[in-house]
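Every number here is computed from the coordinates shown, using simple stated rules; none is lab data. Since the model is a prediction, treat every value here as computed from it, not as a measurement. We place every Cβ from the backbone using ideal geometry, glycine too, and count neighbours over all the protein chains shown.
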Amino acid sequence: MSTFALAVHGGAGTIARELMTPAREKAYRDALELALRRGHAVLADGGAALDAVEAAVRVLEDSPHFNAGRGSVFNADGQHEMDASLMRGSDLRAGAVAGVQNVKNPVTLARKVMEHSNHVLISGLGAFEFAHKHKVELEDDQYFFDQFRYEQWKETVGTDVYKLDHSDKEKMFGTVGAVALDRNGDLAAATSTGGMTNKRWQRIGDSPIIGAGTYANNASCAVSCTGHGESFIRAVAAHDVHALMAYKGLSLEEAVRVVVHEKLPPLDGDGGLIAVDGAGHLVLDFNCTGMYRGHVGADGVFHTAIFR
Ligand code: ASP
């Protein structure tokens, strides 16, 4: 096996084309391409899919343009609580963190949970203590602050409304994720998010839930989702793509189409997902106006897109 493939996303939602200036579009695309380049370097070198997805997601977490790590949205209490997960398709090992604060790269903490604990998902203060113990980089609150997100939160604070970071006309950032196939034939997926603006304290979305927002299995595919988390949890969206392939024999493209366009919409499941199968086929699909996304294969040609 010598082929490899990588896809990334930076969130899906209702992105108004008329508000997307060329400069803005360039900033998002540059960040997506940088993430692809980091992951591609790992894969081209014969590295593991898990290393590639972690490397790609870290770039997007470090970019204030996306709702993950730096630039995460505010919860109802005006704080940043982040969720992340990753999974390896070769042995179905997974790690995840939920409701963590002050962790610079939640995806790396999720990996530590996978590799240095007997658990899959650790939340809140327990995860913070775990981060401290494993010397994961921490940052003060100011690091995560973004003026744009703050104003977005101000519009909803004190109400019961919670929303997708990018669901308003001019709000167009989002959760991040990556999926990869490496030269060894192994698959991996990772997802990281600040969740939804004005979410309740300690609300947990789909991103850190294995099977909902993230799933990888060498028998079928690797998947990372973005969208209305509650719906993706109810649809067990990422695992459903796997199940349609493994049990029903659907192709990756067909399985993704069924989940994104048939199963999620009746559950108010606005959003999309990226997926890769064991042959290196990539599918990046969504049921809303846009999804920040990009992909690259063994040919080293980087593709990025926002709208359909
Ligand atoms: N799925 C994320 C959540 O519900 C939000 C997003 O994709 O932007 O937490």
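Structure values in brief
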quantity	calculated
Residue-span extension gain [Arg17 to Leu125] - 0.36 nm each, minus C-alpha spacing	34.9 nm
Residue order, fewest to most beta carbons within 10 Å, for Thr21, Thr108	Thr21, Thr108
Computed over region 1-110: relative contact order in percent, which uses C-alpha pairs under 8 Å that are six or more apart	19 percent
Bins of 5 Å, starting at 0 and running to the largest distance - Cα pair percent for region 1-56	4, 18, 24, 18, 13, 10, 8, 4, 1
Approximate spin-label separation Glu139-Ala44, in nm, with each point projected 7 Å along Cα-to-Cβ	2.7 nm
Added length on full extension, which subtracts the Cα-Cα distance from 0.36 nm per residue, Ala27 to Glu155	43.6 nm
Amide N proximity, region 104-128 versus Asp77 label position 7 Å along Cα-to-Cβ, cut-off under 19 Å	104, 122-128
For the chain, fraction of C-alpha pairs farther apart than 23 Å, in %	48 percent
With eigenvalues of the C-alpha gyration tensor scaled by 5 and rooted, region 201-256, Å	22, 10, 8
Placed amide H near Thr197: partners under 5 Å, 5+ positions off or other chain	Lys163, Asp165
Rg/Rg_globular for region 97-250, with Rg_globular taken as 2.2 N^0.38 Å and Rg from C-alpha atoms	1.11
Estimated translational D of region 32-110 in µm²/s (Stokes, Kirkwood radius over Cα pairs; 37 °C; 0.692 mPa s)	249 µm²/s
Surface/4 estimate of mean projected area, convex hull on alpha-carbon atoms of region 191-294, nm²	6.4 nm²
Total lysine pairs whose alpha carbons fall under 26 Å of each other in the chain (8 or more apart, or interchain)	26
Cβ-placed point charges (K, R +1; D, E -1), dipole of the chain about Cα centre in debye, nearest 20	100 debye
Footprinting exposure proxy for Met291, Met87, Met196 (fewest neighbouring C-beta atoms within 10 Å first)	Met196, Met291, Met87
Charge-dipole axis of the chain as Lys and Arg at +1 and Asp and Glu at -1 on Cβ define it, positive-most pick from Ala56, Gln142, Leu250	Leu250
Of the chymotrypsin sites (Phe, Trp or Tyr not before Pro) in region 187-248, those whose Cβ has at most 14 other Cβ within 10 Å and which sit in DSSP loop	Trp201
